[in-house]
Structures are given as C-alpha cells and as structure tokens.
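The values are calculated or read from the model by the stated rules, or taken from the named source; none is laboratory data. Source: prediction; values computed, not measured. Cβ coordinates were reconstructed from backbone atoms using ideal geometry, including for glycine residues, and neighbour counts include every protein chain displayed.
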Amino acid sequence: MATTTYTISDLAKEFDLTTRAMRFYEDMGLLRPERSGAAGRSRVYSARDRTRLKLTLRAKRLGLSLAEARELIDMYDSPRDTGPQLKKFLAILGQHRKQLEEQMDDMQANLEEVRAHEREARALLAKTDKARQA
C-alpha cells in the first residue's frame, strides 16, 4: 500500500503558505519531513506532517503561540492517556479566552470613548452651524 507524500510546494499551496513559513515551522519542531535527493536537500512530507501543519494553523487561529501548539501537538502524537492532554488544552484555551475577554473589554471602553468624542464633535458642529446661520 503506497503512502501519500507531499513536497514543500504541495503543502505550501494547499495551506496558502510560503515555503519559507514551512521551513520555519520545521525549524520550530512542528514538522519533521524526511529528506531525499542529493545531500538530502529535498523535503518529503508525510500525511502525519500534513495533519501537524493543519493543527498548527488551527492553533494559530486560536491565538496559541507556536511553542504551545508544538507542545499540544506533540502530546497528541504520544500514545499516552488523553486526560492530561485535554486538561492542558483546556488550560491553554482558558488563558487565551481570558486574554481575549480583557482585550474585548479594553476595546469596548475605547469604542465608548470614541462615541463620546463623536457626540461632542457633533454638538460643537451643530452650535457652529447655528452661529453661522444667525
């Protein structure tokens, strides 16, 4: 049975990444392609690498750092009990949710301040328009 493999260009195109980003993820330990060709210069990615890349990008969308992503993905690669893995995932998600909620609170406060300045500017403009018409 043949196993599916991918080139760096295949995965970069599929996930809309640059090959430079792919090499960076490899340097960070998120991807571990086999090497082939002259002096091992060609990268050969497995289905496992493709899945790891997909999980890495999902973790990034959730706001996780690449180190956090690698830690979680490595945990899922191991055959151990999933309980500790899920607890770690929940802890990281909880931290990120808290950060996002704090950012949202700050943005709401900033938005309210902008609205207040808009109201003041409209009121001053209305006074200016009335004075000009008088």
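Data table
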read-out	value
Selection from segment 1-16 of residues that are surrounded by 12 or more Cβ atoms within 10 Å (Cβ to Cβ) and touching a residue at least 40 places away in the same chain (Cβ under 8 Å)	Thr5, Tyr6, Leu11, Phe15
Residue that is surrounded by the most Cβ atoms within 10 Å (Cβ to Cβ) [pool: residues in segment 34-54 that are modelled with pLDDT under 90 and of a type in the set (S, T, N, Q)]	Ser42
Hey, Gln95 touching a helix residue (DSSP H, G or I) at 6+ places or on another chain (Cβ under 6 Å) and of a type outside the set (A, V, I, L, M) or not	no
Qualifying position, being surrounded by 12 or more Cβ atoms within 10 Å (Cβ to Cβ), outside the structural domain of Asp16 (by TED's automatic domain parsing) and free of Cβ contacts under 8 Å to residues at least 60 places away in the same chain, among Leu93, Leu31, Leu57	Leu93
Residue that is surrounded by the most Cβ atoms within 10 Å (Cβ to Cβ), among those in segment 60-90 that are assigned to a helix (DSSP H, G or I) and polar (S, T, N, Q)	Gln85
Failed criterion for Tyr45 (all others in (1) farther than 29 Å from Gly94 by Cβ; (2) in a helix (DSSP H, G or I); (3) of a type in the set (Phe, Trp, Tyr) hold)	(2)
